[in-house]
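Q: For reference, the structure I am asking about is given below.
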């Protein structure tokens, strides 16, 4: 497989739960691996992120795991609803500290290039913890539009989520429901 396709294969493998192939490939072709995981791995050893973390740790490479508490850019999933003035989704009271993806990238580059301790997991958090409903309100303020959160109890394929376990594939990314 050409080197540029390895990342694409890893993403497909993650979605289809075939994580062994890209992790094995990393062990054969990389000296050091930095894995962008999720906080769910800390509390659920059966989560897809925890499974991949364990496989990387067993692959025989130098590794670093980054677990952001939340990625700020993921709020773009609400863009159409924000434009309409209301975001309808479950868990408006779920709170997290969002991290800008550029900050995550800077930490990843440092983990790859600097002599930081290997074999460690780092939790990455942003400046403040806020609920999803607060995030929506603040985004509305930033764009000069009143936006409100409307709580929904439904998690359906119609809302863009493909269900089947407590983790859903949504737009190519895994997200805990």
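This table checks each residue for (1) at pLDDT below 50; (2) in contact with a helix residue (DSSP H, G or I) (Cβ under 7 Å, 6 or more places away or on another chain); (3) exposed (fewer than 15 other Cβ atoms within 10 Å of the Cβ); (4) part of a strand (DSSP E or B).
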| site | (1), (2), (3), (4) |
| --- | --- |
| 105 | no, no, yes, no |
| 115 | no, no, yes, no |
| 121 | no, no, no, yes |
| 136 | no, yes, no, no |
| 145 | no, no, yes, no |
| 150 | no, no, yes, yes |
| 158 | yes, no, yes, no |
| 165 | yes, no, yes, no |
| 175 | yes, no, yes, yes |
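Results for (1) surrounded by fewer than 18 Cβ atoms within 10 Å (Cβ to Cβ); (2) at pLDDT below 90, shown as yes or no for each residue.
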| site | (1), (2) |
| --- | --- |
| 45 | yes, no |
| 58 | yes, yes |
| 63 | no, yes |
| 74 | yes, no |
| 77 | yes, no |
| 85 | yes, no |
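Q: Still on this model: Is it the case, given these coordinates, that residue 33 is modelled with pLDDT under 90, touching a helix residue (DSSP H, G or I) at 6+ places or on another chain (Cβ under 7 Å) and assigned to a strand (DSSP E or B)?
A: Yes: the conditions hold for residue 33.
Q: Pairs under 7 Å by beta carbon, first residue at positive phi in region 108-129, partner assigned to a strand (DSSP E or B), six or more apart or different chains?
A: Here the result reads 119/63, each pair linking region 108-129 to a residue that is assigned to a strand (DSSP E or B).
Q: Looking only at region 36-66, count how many residues are under 25 Å from residue 97 (Cβ atoms) and part of a helix (DSSP H, G or I).
A: Here the count works out to 11.
Q: Would you be able to say whether some residue in region 90-99 is assigned to a helix (DSSP H, G or I), in contact (Cβ under 8 Å) with a residue 12 or more places away in the chain, within 19 Å of residue 129 (Cα to Cα) and in contact with a strand residue (DSSP E or B) (Cβ under 8 Å, 6 or more places away or on another chain)?
A: No, region 90-99 has no match at all.
The values are calculated or read from the model by the stated rules, or taken from the named source; none is laboratory data. Predicted, not measured: the structure shown is a model, and the values here were computed from it. Positions of Cβ are generated from backbone atoms using ideal geometry, with glycine treated the same way; all protein chains shown enter the neighbour counts.
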